[in-house]
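No lab work stands behind these numbers, since they all come straight from the coordinates. Note that the coordinates shown come from a computational prediction; the quantities given were computed from them, not determined experimentally. As a convention, Cβ positions derive from the backbone with ideal geometry for all residues, glycine included, and neighbour counts pool all protein chains shown.
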Amino acid sequence: MSPVPSAPGDAPARKIIVTIDGPAGAGKSTIARHLARRFGLLNLETGAMYRAFALKALRSGLPLDQVSDLEQLAAETAIRLEPGEQENRVLLDDEDVTGLIRNQTVTDAASRVSIYPAIRAWMVRLQQQMGSGGGVVMEGRDIGTVVFPRAEVKIFLDAAPEVRGMRRFDQLGPEPAHQPDEVIRDLRIRDERDRNRADSPLKAAPDAILLDTTSLTLEQTLKAAEDIVAAHLAQLSAR
Ligand code: DC
């Protein structure tokens with residue numbers, strides 16, 4: 001049996017695809033980043049792609065419920081993710097918009113534009129192209145169910161809404177523009193939309209491993225996710 005990679009940045013034994021899905025604030029990005037470093041995978045954050053398109057839609061002034069206009073806009077849009085030290089660099093029509101897509105307006109718009117099947121089909125195609133070579137950890141809402149249903153390792157990350165909301169609140173810094181209850185309320189609204197849209201709603205793939213982090217520390221969560229990937233790699237190398 002060949003050994004499972006043991007040092008950070010080691011190339012994985014095979015070019016596996018790891019998917020991480022789950023609701024907002026569950027910690028997907030932190031875990032994806034950690035797994036990417038630990039196992040030498042490329043980290044691709046698909047939420048950033050929906051955010052970049054939402055930014056373009058907002059800038060264009062189009063109503064977010066005009067799906068045919070949005071579809072036309074998508075046809076004229078190029079979105080790319082480039083791996084960075086801390087997070088992906090997000091390029092919208094070659095403009096670096098990484099720092100412009102995390103505010104509340106774009107966050108809300110991303111959740112709205114992502115309900116449309118035509119927009120999702122376009123995004124899914126892009127994401128499949130980006131991950132087709134394997135050796136990636138891709139996070140989002142539908143990665144294990146729709147984008148890579150045959151991925152080797154699927155993690156569904158969840159936590160109670162209050163806990164996710166408070167984690168988000170703590171990330172807002174020393175002078176937050178919102179109160180904790182507002183952050184939790186916005187997160188619940190977004191959850192509701194992401195879980196109940198008709199096309200590819202947020203849900204766990206039947207073969208995903210559920211990781212509920214409600215009462216776990218960050219270190220415990222990282223360790224649990226790492227163990228899941230390491231166990232799969234060990235199984236693969238034992239074959
Ligand atoms: O992960 P995030 O919060 O950056 O995602 C922003 C929005 O994009 C989220 O509300 C739903 C949507 N999204 C999606 O529908 N499918 C994905 N794979 C990723 C994000």
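Just need the Rg to Rh number for region 113-192, please, alpha carbons only, Kirkwood Rh.
Working: Rg = 16.0 Å, Rh = 15.0 Å.
That ratio equals 1.07.
Report, in deg cm²/dmol and to the nearest 500, the calculated mean residue ellipticity at 222 nm for the chain, where each DSSP H run with n ≥ 4 adds -39500 (n - 2.57) and the sum is divided by the residue count.
Details: 8 runs with 109 residues, N = 239.
Theoretical 222 nm ellipticity from helices: -14500 deg cm²/dmol.
Across region 39-126, the convex hull enclosing all Cα atoms gives 98 Å³ per residue.
Placing a label point 7 Å from the Cα of His178 along the Cα-to-Cβ direction, the residues of region 184-214 whose backbone N falls under 12 Å of that point are 184-191.
Normalising the average separation of contacting C-alpha pairs (under 8 angstrom, six or more residues apart) by the number of residues puts the relative contact order of the chain at 31 percent.
Averaging over every viewing direction, what projected area does the convex hull of the Cα atoms of region 139-239 cover, in nm²? Over every viewing direction, the Cα hull of region 139-239 projects on average to 7.8 nm². Counting only alpha carbon atoms, the long axis of helix 104-113 and the longest principal axis of the chain meet at about 80°. Between helix 117-131 and the chain there is an angle of about 30 degrees, using the helix long axis and the longest principal axis of the Cα atoms. Candidate cross-link partners of Lys15 among the lysines, defined by an alpha-carbon separation under 29 Å and a same-chain spacing of 8 or more, comprise Lys28, Lys154, Lys203, Lys223. In terms of its Cα atoms, region 191-238 spans 40, 28, 10 Å along the principal axes, sorted from long to short.
Here the contact order of region 147-239, divided by its residue count and restricted to Cα pairs under 8 Å and six or more residues apart, works out to 41 percent.
Per q in 0.13, 0.22 1/Å, what log10 I(q)/I(0) does a Debye calculation on the alpha-carbon atoms of region 17-61 return? Each listed q maps to, in turn, -0.37, -0.78. At Asp69 and Arg125, where each label point lies 7 Å from the Cα along Cα→Cβ, what is the point-to-point distance in nanometres? It works out to 2.3 nm between the two label points.
Considering only Pro149, Pro23, Pro180, the Gaussian network model of the chain with Cα springs below 10 Å gives its largest mean-square fluctuation to Pro180. Sequence-distant contacts, meaning Cα pairs under 8 Å at least 6 residues apart, place the relative contact order of region 30-123 at 33 percent. Along its first, second and third principal axes, ordered by size, the chain spans 57, 38, 32 Å in Cα coordinates.
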